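Q: Mind having a look at this structure? Questions to follow.
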Amino acid sequence: MAARVLKGNEIAAGLRAEIAAGVAELAATGVRPGLAAVLVGDDPASAVYVRNKGRACADAGMFSETFHLPAETVQADLLALIDCLNTDPRFHGILVQLPLPGHLNEAAAIERVDPRKDVDGLHPVSQGRMLQGEPTYLPCTPSGVQQVLLRSGYDPAGRHVVIVGRSNIVGKPLAALLMQRAPGGNATVTVCHTRTRDLPGITRQADILIAAMGVPGAITADLVRAGAVVIDVGINRVDDAARRRGYRLVGDVDYAAVAAKAEAITPVPGGIGPMTIAMLLSNTLDAARVSANANQ
Ligand code: GUN
C-alpha cells in the first residue's frame with residue numbers, strides 16, 4: 001500500500017499563520033520582530049534558502065534584512081558584522097547561513113552570535129541548554145522534524161528512532177531533542193554514520209527512520225522496515241537536463257521504492273524544508289517577545 005505523505009508544507013503553512021497572528025499582536029504594542037540573515041559568497045542553494053527565509057518573514061509581517069558579503073570576506077569582517085547585529089535593536093534574531101566558504105571558521109562565527117539572538121539554535125550555549133533539557137531556542141530543522149511527527153500523530157515516545165547522519169545542524173541535535181524526557185521526546189535513539197557497521201541491520205529496526213546524511217537516494221527500500229515512518233531531511237540538487245533549471249531536488253531517500261513500503265514518508269521538496277523556515281520564524285517571534293518583556 002502506498003505510504004501516507006506527510007506534507008510539511010501544509011503543516012508549515014498552518015504554523016506560519018499562527019506566527020503571523022502572534023507577530024500582529026506584538027506589532028500592535030510597537031515591537032516588530034526582526035531577523036538578520038548573513039550570507040557569505042555565492043552558493044546558489046544558500047542564496048535560495050536565504051531568499052525563501054526573507055519572503056517568509058515578510059509574509060508573517062516580520063522585518064528582515066539580508067547582509068550579503070563577498071566570497072573572499074575575511075573572518076574579522078564577518079565577526080565585525082555579527083558584533084554590529086548583536087547590538088542592533090531592529091534585529092531580535094540573527095542567522096548565519098551555512099555552509100560558509102572554506103577559509104572561514106564556521107564554529108567561531110556561530111559562537112559570536114549573542115545567544116539571546118541565536119534563533120537558529122546552533123550556538124553552543126543553545127545546544128548545551130537543549131542537551132540538558134533547559135528552555136532555549138531549538139535548532140530549526142530538528143524541531144521541524146519533531147513538529148511534523150507530533151502534528152501527524154507519530155509521538156516519538158517509546159519508539160525506536162534511527163537517525164542516519166551526525167551533522168551539527170541535524171543529526172546530533174535531533175538525537176538530543178528526541179531523547180529528552182519531555183513532550184515530543186522520550187524516544188530510544190540510535191545514530192548511524194559513515195563508520196556504522198551493518199547499517200541495514202540497524203535501520204531495519206527503526207519505527208521512525210530519519211535520513212540526514214546528504215547523499216541523494218541513499219536510503220533504499222531494503223534499509224526500511226515495512227510500516228516504518230520515514231523522514232527525509234536531505235535536499236540535494238541532481239542534474240536533470242529535462243528541467244528548465246538543469247537540476248531537480250531529491251532527498252536522501254529513494255522516494256518511490258520506500259513509499260511503497262513505509263507507513264508514512266515526507267516528500268522532497270515540500271517536506272522538512274518548509275518546516276525549518278517555520279521554526280526559524282517561531283524562534284524569531286519568541287526572541288522578539290523576550291526582548292519586548294525585558295524592555296518593559
Ligand atoms: N544551512 C542548511 N540548513 C541550515 C540551517 O538550518 N541554518 C543555517 N544557518 N544554515 C543552514
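Q: Run the Debye formula on the Cα coordinates of segment 196-295, all scatterers equal and no solvent, and tell me log10 I(q)/I(0) at q = 0.11, 0.12, 0.17 1/Å.
A: At q = 0.11, 0.12, 0.17 Å⁻¹ the computed log10 ratios are -0.44, -0.51, -0.78.
Q: What's the angle, to the nearest 10 degrees (0 to 90), between helix 44-59's Cα axis and the longest principal axis of the chain?
A: It works out to around 70 degrees.
Q: How much length would be gained if the chain were fully extended between Asn105 and Arg204, taking 0.36 nm per residue of separation minus their Cα-Cα distance, in nm to one decimal?
A: So the extension gain works out to 31.9 nm.
Q: What share of all Cα pairs of the chain, in percent, falls into each consecutive 5 Å distance bin?
A: Result returned by the calculation: 1, 6, 12, 16, 18, 17, 14, 10, 5, 2, 1, 0.
Q: Something else: Per Stokes-Einstein, at 10 °C and 1.306 mPa s, what whole-number D in µm² s⁻¹ belongs to segment 239-291, with the Kirkwood radius over Cα pairs as the hydrodynamic radius?
A: The Stokes-Einstein estimate is 115 µm²/s.
Q: Peptides 144-153, 61-70, 169-178: what's the order by average Cβ count within 10 Å, highest mean first?
A: The peptides rank, most packed first, as 169-178, 144-153, 61-70.
Q: While we're looking at this one, here's another question. Report the gain in length on full extension from Ala221 to Ser167: 0.36 nm times residue separation, minus Cα-Cα distance, nm rounded to one decimal.
A: 17.1 nm
Q: If I take R0 = 22 Å and measure r between the Cβ atoms of Asn293 and Asp114 in this structure, what FRET efficiency does the formula 1/(1 + (r/R0)^6) give, to the nearest 0.05?
A: 0.85
Q: Mind putting a number on the dipole of the chain about its Cα centre? Charges go on the C-beta only, +1 for Lys and Arg and -1 for Asp and Glu, and I need it in Debye to the nearest 20.
A: So the magnitude is around 600 debye.
Q: Right, another one. For helix 8-27, what angle does its Cα long axis make with the longest principal axis of the chain, in degrees from 0 to 90 and rounded to 10?
A: In the chain, helix 8-27 runs at an angle near 20 degrees to the longest axis.
Q: Please find the FRET efficiency linking Asp59 to Glu263, where r is the Cβ-Cβ separation and R0 is fixed at 45 Å, and quote it to the nearest 0.05.
A: Efficiency, rounded to the nearest 0.05: 0.90.
Q: Tell me the angle of helix 140-151 to the major Cα principal axis of the chain, expressed in degrees between 0 and 90 and rounded to the nearest ten.
A: 60
Q: Round to a whole number: what % of the accessible area of segment 78-230 belongs to carbon and sulfur, probe 1.4 Å?
A: Carbon plus sulfur share of accessible area: 53 percent.
Q: Under a plain spin-label model, where a point goes 7 Å from the Cα along Cα-to-Cβ, how far apart in nm are Val5 and Arg51?
A: Going by the 7 Å Cα→Cβ label model, 2.4 nm.
Q: Something else now. Would you kindly state how much longer the chain becomes between Arg32 and Gln132 on full extension, computed as 0.36 nm times their sequence separation minus their alpha carbon distance, in nm to one decimal?
A: Separation in residues times 0.36 nm, less the Cα-Cα distance, equals 32.9 nm.
Q: Lys and Arg at +1, Asp and Glu at -1: add these up for the other residues within a Cβ distance under 9 Å of Ile82 and post the number.
A: -1
Q: From the gyration tensor of the Cα coordinates in segment 159-243, what semi-axes in whole Å does the equivalent ellipsoid have, largest first, with each one equal to sqrt(5λ)?
A: Its equivalent ellipsoid spans semi-axes of 23, 15, 12 Å.
The values are calculated or read from the model by the stated rules, or taken from the named source; none is laboratory data. Note that the structure is a prediction, hence the values are computed from the model and not measured. With ideal geometry, Cβ positions are generated from the backbone for all residues, glycine too; neighbour counts draw on all protein chains shown. Surface accessibility is based on the protein's heavy atoms, side chains included, excluding ligands, DNA and RNA. Shrake-Rupley method; radii C 1.70, N 1.55, O 1.52, S 1.80 Å.
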